[in-house]
1. All but one of (1) crowded, with 22+ Cβ neighbours inside 10 Å; (2) outside any strand (DSSP E or B) hold for E102, so report the exception by its number.
2. Considering only the range 164-183, how many residues are part of a loop (DSSP other than H, G, I, E, B) and over 19 Å from the mean Cα position of the chain (by Cα)?
3. Just checking: which of the strands (runs of 3 or more DSSP E) contained wholly in the range 1-71 hold 1 or more residues that are surrounded by fewer than 17 Cβ atoms within 10 Å (Cβ to Cβ) and of a type in the set (G, A, S)?
4. Kindly check whether there is at least one residue in the range 178-185 that is closer than 23 Å to N54 by Cα, of a type in the set (D, E, K, R) and in contact with a helix residue (DSSP H, G or I) (Cβ under 9 Å, 6 or more places away or on another chain).
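Just so you know, all these numbers are worked out from the coordinates, no wet-lab data involved. A quick note: this is a predicted structure, and the numbers were derived from the prediction, not measured. Glycine also receives a Cβ, built like all others from the backbone with ideal geometry; neighbour counts cover every protein chain displayed.
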Amino acid sequence: MDQHFYEPRLGHGLPHDPFKAIVAPRPIGWITTVDAEGRVNLAPYSFFNAFNSNPPIVGFASEGRKDSLRNVEAIGEFVCNLATRPLAEMVNRSSIPLPHGESEMSFAGIEAAPSRLVKPPRVANTPAALECRVLQIVPLKNLEGAEVNTHLVLGQVVGVHIDRTYLKDGIFDIRAARPIGRCGYRGDYAEVGEMFEMIRPTLP
């Protein structure tokens, strides 16, 4: 097999860095936070995932000190809203770097709904939303031990909202919800479409 190999520290030698395209699709954490004055921030993060099931723990990484990071440092809470194909344009519009204190929800025409257990609101018309309280904020470091100006925010899910439209026989219908994921370093995204079942094997 003819392979292109590179060491990231020395450069990839390609027109675009392939790393973000290789680690794909990446779920999008559509994160709602509030600052100390109660002003709402909404931003999508493609460095996002679930890390534990019991208790449920999710996390997102902020490259640079953005409002979401400052807000979770101050308040200790956030909401992860499911980013879906019908909401994709709103997700994209909420990524705009507005001045601190201005609402991405208002800018993108997104309706907010109150959360039950945390201060940040949730996106009203998303199929599912996770209310979270911060467990850890971890500054990431490289092999030399130097911080890389990225912080991983880990939160425990304390409340879950599910639109009953997407519950079929007690199962969340992921096909109907149509979540989207980031698939590259440019503008490439995908939605959950064709799926297949594969049951984990067990020892006889």
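1. Of everything listed in (1) crowded, with 22+ Cβ neighbours inside 10 Å; (2) outside any strand (DSSP E or B), E102 misses just condition (1).
2. Final tally of qualifying residues: 3.
3. Qualifying strands (runs of 3 or more DSSP E): 48-53.
4. No, that holds for no residue.
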